[in-house]
Structure formats: C-alpha cells, structure tokens
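Right, one structure below, let's go through it.
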C-alpha cells in the first residue's frame, strides 16, 4: 500500500538553544578583551593605574650626604674622649639649613650648626645631636641645648660625648642608586609608589589607564533611592551595587540608573554614554519577556550574543560590542547581577587595566551546613568564610532577590554542575569577595 507523505512529518524539530558553562562564557568574553593602550599621565592622575613600563632612578637617593638630626657637624677626632665634665669645646663657623647652597668648611676644632635634611659640609665626618651638646648656651649642660635661643648662643659649643664617624648622616645613595630599577611594569600605583616617583624627579609616568565603565540599570519599575515608591515599583539598587563594584575593581565608573523599558530612551542613553565608555555594563532586560527592549536596541548598534548559562543564579547573560565598545548585559535580579559581575565583569576590568590578578581568589573550606543544588547548574551561594578555622557557612537562602543576605556575605560557595547536594563537613570551593 502506498500513500502520500505529509510535509509536516519531514520538518526537523529545532535544536534547543546552547547552554554555556560558566568557564566557556568567561573564556569567550575574555578572548575579546585586551589591555587598554598605555598613556602618559601626571602623577596624581595615575593613582590606581598599572605601570606600563619598568622605571629606573636617574638620581641617587638621597642625592647628597645630609643630616638626620638637628645638631652640629663635627670632625670625630675633635670629640674623642668628650664627657660632660670635660667637653670638647668647638668654634661654630656657620649654620646650615635644609636647602642651603654654599657650605662652610669644618676644620680642626671647628663645627657648623646643622638642621635635619641639610647637606653635610666639607670636612665634617659626623653629626652630634643637639641633645649631646649645650646648644651653644655656654653652660656646659645638655639640658640647656633644647632651650637655648639663637640670640643666646655663643660662638662656641660644648660637645658632651664622643661622636663616631658617619653618625647621624644619611649617605648619598643609601636608599637608591642612580640606574637602579625602582618599579616594575604592572605595579599598582598607590600613595607610596607615587611618592617614590616624585622623589626621583618623575613628573609623569606611562601607565595602563583605569577603564571607564558606564553602568546602566534598566526597567520601568525602577525609581531613584529617596524618591517615593509607587505600586509595582522598587528602588534601583543594581546601579549602585555595580558602580561600586566597578570602582572596587579599579575602574572609573559612571552610574546611569533607572533607564525605562522604552527603546527610544535606551537608544538616546547609549548614544550619550558611548563617548566616555571603555566598557558598558547593563542589568535587566536579558531574559525572555515581552518588555525586554534591551536585546532589540542592542541588536541595532552592534553584535550581541544573548545566551543561557549552566549556573544559578545568573542563567541569562549577554555579551558583545556596541559600536566597538564591549558590553556585558547582566540579569536584573540583584543577587544574579552582582554574582555575574564578580565572575565576568571584574575579570574584564582587570584585564583592561593590565592587572596580573584578574580573578577573585578561590580557597578550599569546610562547609558547616548541608547544601542542595540544581542538577546541571553551577550553584553560587552566599557565604561567610572564616580563615581562622577554615570553615564556610551559608548566609541566607537561594533566592536571587535576597540582597540582605548578600550584604552579610564575604564569599560565594561554589557547588559544581554535577553535584546536587553537599553534606555538612565536606570541603568546597569558596570565592572570596574581599581582599
């Protein structure tokens, strides 16, 4: 028996959308990001940046022998055997302040009064602290050295104890020598590093700049904190959390909160912000929904890939470029948004900065409670890690809206995709969120 074949029986069932693993998504994102090109910045503008080159000193530090004390520059032979009963009496031939140019020469039986940081004069071999002298008071008592007024000082000073060669002198080059490498490429420039650069005479420095990150939170239900909250509305917290997280990662962050679900408004905001962004981070509008205009608008500006990940929370994610600028689209639930930032956005920011440590540290710890996890998903639970005893305890529940629990957590407990439960006492991976 023969018959006709219906066209419908030959139609293929569409393949389900690909589910990405956390590691696959992260690798794909990082493969499209490179460090920002180096630029030359004034020192204070370079704070928080990473050096783009090695830095060597062109000068000695200190640049000359100088006194570490207020006192008297002396020849050691002139103070040999000095005591309070039998002091060495020296003739004062001058006074040397910090920054002095012309220096008196100290000959036998002579001394020069010297201030801290002042250059050591020729002929002098050491500095006798003023407390070891009578301060030129003529009394022969060390106690008078601190109170003697300049007008009351004589042309002589009594040194009340012997001074060894080199005592209280900071030798030229004792800190750094000319030609010595003082900072390596990749070093983070903080207050002490900038002070060092200034000390060796550098007014500018070549660095990888801090990336400029624009943070957008989308959703017509969002209102600004402090404004009245109407029915069906919530205060916008994501833009604050993510902007602060971007700053914590080292970026210069700009917050643009509460963009409504209106395609024309979102387009206008994007066009306004693209000029100052090295990276754009959005929250909301990446799931399947009738009012998710984010995908629609982003598709008009560039190549975006919206995908599902085998993770909880944070299953929906988006990544691509808008007119050449990298963009990461995160889910709108507060916990999902923050965890997604830590796993994916923070490494992007750190890569752009040229930082050697782009990921949060991961340690192993003993879990103090039973955990459950969905099959096939990598679960990230909020936790409190105690490094003293090597234990971690879950904080709050599993919901992706529990911002109270998130604020009490200092880590994330990671449960692998192939495990649906973890018994108390098991060792787990812990992603540290601080330090």
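Tabulated results
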{"item": "Residue list for region 75-109, filter: under 11 Å from residue 157 (Cα atoms), out of contact with any helix residue (DSSP H, G or I) (no Cβ under 7 Å at 6 or more places or on another chain) and touching a residue at least 24 places away in the same chain (Cβ under 8 Å)", "result": "87, 89, 91, 92"}
{"item": "Among the residues listed as 283, 220, the single one being more than 26 Å from residue 324 (Cα to Cα), touching a residue at least 60 places away in the same chain (Cβ under 8 Å) and either buried (at least 22 other Cβ atoms within 10 Å of the Cβ) or in the same structural domain as residue 318 (by TED's automatic domain parsing) (or both)", "result": "220"}
{"item": "Criterion: part of a strand (DSSP E or B) and either over 23 Å from the mean Cα position of the chain (by Cα) or modelled with pLDDT under 95 (or both) - qualifying residue of 317, 273", "result": "317"}
{"item": "Hits in region 407-423 - residues which are closer than 18 Å to residue 393 by Cβ, more than 22 Å from the chain's Cα centre (by Cα) and surrounded by 14 or more Cβ atoms within 10 Å (Cβ to Cβ)", "result": "413, 414, 415, 422"}
{"item": "Test: residue in region 223-237 that is within 30 Å of the chain's Cα centre (by Cα) and closer than 30 Å to residue 359 by Cβ", "result": "yes"}
{"item": "Selection from region 359-368 of residues that are without any contact (Cβ under 8 Å) to a residue 60 or more places away in the chain and either exposed (fewer than 14 other Cβ atoms within 10 Å of the Cβ) or within 15 Å of the chain's Cα centre (by Cα) (or both)", "result": "359"}
{"item": "Residues located in region 29-66, provided they are more than 30 Å from residue 171 (Cα to Cα), under 22 Å from the mean Cα position of the chain (by Cα) and part of a loop (DSSP other than H, G, I, E, B)", "result": "33, 34, 35, 36, 37, 38, 47, 48, 49, 52"}
{"item": "Single match in 44, 51 (criterion: surrounded by fewer than 16 Cβ atoms within 10 Å (Cβ to Cβ), modelled with pLDDT of 95 or more and not assigned by TED's automatic domain parsing to the domain that holds residue 154)", "result": "44"}
{"item": "Criterion: farther than 30 Å from residue 375 by Cβ, assigned to a loop (DSSP other than H, G, I, E, B) and at pLDDT below 90 - qualifying residue of 261, 292", "result": "261"}
{"item": "Filter result (buried (at least 18 other Cβ atoms within 10 Å of the Cβ) and more than 14 Å from residue 242 (Cβ to Cβ)) within region 318-350", "result": "318, 319, 320, 322, 325, 326, 347, 350"}
{"item": "Condition check for residue 202: modelled with pLDDT of 95 or more, surrounded by 14 or more Cβ atoms within 10 Å (Cβ to Cβ), not assigned by TED's automatic domain parsing to the domain that holds residue 86 and not in a strand (DSSP E or B)", "result": "yes"}
{"item": "Qualifying position, being loosely packed, with under 15 Cβ neighbours inside 10 Å, within 23 Å of residue 29 (Cα to Cα) and touching a residue at least 12 places away in the same chain (Cβ under 8 Å), among 276, 310", "result": "276"}
{"item": "Some residue of region 211-219 being at pLDDT below 95 and either at positive phi or not in a strand (DSSP E or B) (or both)", "result": "yes"}
{"item": "Selection count, region 74-101, where residues are within 15 Å of residue 160 (Cα to Cα) and assigned to a loop (DSSP other than H, G, I, E, B)", "result": "10"}
{"item": "Checking residue 104 against (1) assigned to a loop (DSSP other than H, G, I, E, B); (2) modelled with pLDDT under 95, the condition it does not meet", "result": "(2)"}
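Conditions (1) modelled with pLDDT of 95 or more; (2) surrounded by fewer than 18 Cβ atoms within 10 Å (Cβ to Cβ); (3) outside the structural domain of residue 86 (by TED's automatic domain parsing), marked per residue:
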| position | (1), (2), (3) |
| --- | --- |
| 117 | yes, yes, no |
| 120 | yes, no, no |
| 126 | yes, no, no |
| 141 | no, yes, no |
| 149 | no, yes, no |
| 159 | yes, no, no |
| 164 | yes, yes, no |
| 186 | no, yes, yes |
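The values are calculated or read from the model by the stated rules, or taken from the named source; none is laboratory data. For clarity, every value in this text was computed on a predicted model and none was experimentally measured. Because the Cβ atoms are built from the backbone with ideal geometry, glycine has one as well, and the counts that use them run over all protein chains shown.
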